[in-house]
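Let me begin by presenting the structure, written as structure tokens, before commenting on it.
Nothing in this text is a laboratory measurement; each read-out follows from the coordinates by a stated rule. If you're wondering where the values come from, they're calculated on a predicted model, not measured in any experiment. Cβ atoms come from the backbone with ideal geometry, glycine included; neighbour counts cover every protein chain shown.
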Amino acid sequence: KIPLWLDCDPGHDDAYALLLAAHDPRVDLLGVTTVHGNASLEQTTFNARGMLEALGKRNIHVYPGAAKPIVREAVHAADIHGESGLDGVTLLPQPIEPAVTDVDYLEAMYKALIGTPPETAWLVSTGTLTNIGLLFQKYTDLAGHLKGLSIMGGAVGGGFTNAPMGKVKDEGERFGNWTAYAEFNIYCDPEASHFIFSHPVLRAKTTLIPLDLSHQVLGTKTVRHTLLYGSEQPLDASTANTEQTPSPLRALFTQIMSFFAGTYAEVFSITEGPPLHDPLAVSAAIDPEFFDDNGGERFRVDIVTEGVHSVNQLQVGELGRTKVTKLPPGEGGCRIPRGVDLEKFWGSIESCLKRADSV
Ligand code: BDR
Ligand code: CA
């Protein structure tokens with residue numbers, strides 16, 4: 001099995017990352033940490049616990065991590081995920097299993113990961129990089145021990161792919177989703193991000209899933225139909241038996257996707273379906289062959305850390321921008337896939353839902 005630790009800020013798309021990490025039969029989910037980001041740490045922790053319970057994985061421990069970035073103040077994405085970080089979704093009013101607060105979360109991550117055979121374990125990050133930055137600052141032997149670090153974050157732009165990127169009405173072309181240049185996870189903690197992407201060992205073990213890739217993976221009508229009724233039902237809604245009552249879990253993941261679709265349509269005018277960023281970072285760890293890295297391209301990633309960190313996103317310049325430089329063949333750098341096999345990716349979501357429903 002692939003030992004895997006998930007650091008997240010649920011988050012509608014983080015919920016799908018939890019689904020893959022918790023129910024892919026090849027994964028041994030060692031634990032989950034939460035971070036400030038889409039909402040406050042308290043909310044993202046509540047949401048992670050609630051989701052694991054809905055997924056039938058009460059036994060997976062959740063450790064609350066950092067409540068704010070290393071040097072800046074926290075910003076949240078209520079426009080996209082609602083005040084709770086997971087608006088529009090019915091979870092248990094109070095998770096039955098509480099989060100673990102009597103153990104230091106960095107120590108918990110370290111012990112679980114260092115206890116795995118060398119070069120087998122993956123650390124997956126679907127939130128901002130504060131916890132991850134602090135972890136590798138504190139435990140300097142961990143980077144060499146891991147197999148890989150998979151991060152959802154950043155925006156490359158400049159024709160990196162032909163994906164339709166996020167556009168805000170009347171604002172013209174942009175490739176970030178938080179500012180014109182910056183993606184939310186990197187923007188939230190640019191200093192932690194800079195530490196990770198310039199780390200001498202980690203940078204060659206890192207896979208980055210930027211917006212350029214995640215905007216190719218939209219929760220279209222067809223995707224949502226399959227989510228609700230399963231893959232046995234014909235894809236054409238007119239011939240499918242839509243009378244069939246979906247399982248509570250399918251109904252929950254449909255609620256999640258529908259809310260996300262609503263905010264992406266409203267804020268970014270993306271009406272085809274919302275980009276499902278976060279589960280791609282799990283997928284890249286466990287199914288790297290789903291991804292097209294253009295014959296093994298590797299990149300150096302520089303993070304812009306100068307600028308004002310502003311809650312209202314005004315006057316921030318290029319703060320949080322991910323500047324990407326392609327490296328000569330053979331030089332170790334970050335893997336940034338340009339494409340993904342959509343059929344295989346959605347197929348893995350579907351099989352995890354089936355599996356989750358059967359346990
Ligand atoms: C990232 O930001 C968050 O809002 C999402 O959960 C995802 O991790 C996309 O930019
Ligand atoms: Ca996230």
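The chymotrypsin sites (Phe, Trp or Tyr not before Pro) found in the range 40-143 include none that occupy coil by DSSP while having at most 12 further C-beta atoms within 10 Å. When the Gaussian network model of the chain links Cα atoms closer than 10 Å, the mean-square fluctuations of Ala22, Ala99, Ala281 top out at Ala99. The Cβ shell under 12 Å around Pro118 holds other residues with a net charge of -1, Lys and Arg each +1, Asp and Glu each -1. The alpha-carbon positions of the range 1-99 define a convex hull whose volume is 87 Å³ per residue. The sum of -39500 (n - 2.57) across all DSSP H runs of n ≥ 4, divided by the residue count of the chain, sets its helix-only mean residue ellipticity at 222 nm to -10000 deg cm²/dmol. Taken along its principal axes, the alpha carbon cloud of the range 38-184 reaches lengths of 49, 41, 30 Å, longest axis first.
Compute log10 of I(q)/I(0) for the range 236-359 with the Debye formula, placing one identical point scatterer on every Cα and leaving out solvent, at q = 0.09, 0.17, 0.21 Å⁻¹, to two decimals. For the range 236-359, the Cα-only Debye profile gives -0.44, -1.16, -1.31. Applying both filters, DSSP loop and at most 13 other Cβ atoms within 10 Å, to the GluC sites (Glu not before Pro) of the range 1-100 gives Glu73, Glu83.
Over the chain, the hull volume per residue, using the convex hull of the C-alpha atoms, is 130 Å³.
Could you list the trypsin sites (Lys or Arg not before Pro) in the range 18-84 that lie in coil according to DSSP, counting only those with at most 16 other Cβ atoms within 10 Å of their Cβ? Qualifying residues, ordered by number: Arg26, Arg58. With one equal scatterer per alpha carbon and no solvent term, the Debye-computed log10 I(q)/I(0) for the range 198-307 at 0.10, 0.19, 0.23 1/Å reads -0.43, -1.09, -1.28. Bridging of Lys147 to lysines at a Cα separation below 30 Å is possible for Lys1, Lys57, Lys68, Lys111, Lys138, Lys205, Lys323, Lys326, Lys344, Lys354, once same-chain residues fewer than 8 apart are set aside. Once the Cβ-Cβ distance of Lys1 and Asp292 is raised to the sixth power relative to R0 = 25 Å, the FRET efficiency obtained is 0.45. Working value for the range 54-108: equivalent-ellipsoid semi-axes of 22, 21, 8 Å, each the square root of 5 times a Cα gyration tensor eigenvalue, largest first.
Using Cβ point charges alone (K and R +1, D and E -1), the dipole size of the chain about the Cα centre works out to roughly 540 debye. In nm, give the distance between the simple-model label positions of Glu97 and Thr271, each being 7 Å from the Cα along the Cα-to-Cβ direction. If labels sit at Glu97 and Thr271, their model points lie 4.3 nm apart.
Going toward the positive end of the dipole of the chain, with +1 on Lys and Arg Cβ and -1 on Asp and Glu Cβ, which of Ser193, Pro118, Thr271 do you reach last? Result: Pro118. For the chain, set up a Gaussian network in which alpha carbons nearer than 10 Å are linked by springs, and say which option among Asn131, Asn177, Asn38 fluctuates the most. The residue that fluctuates most here is Asn177.
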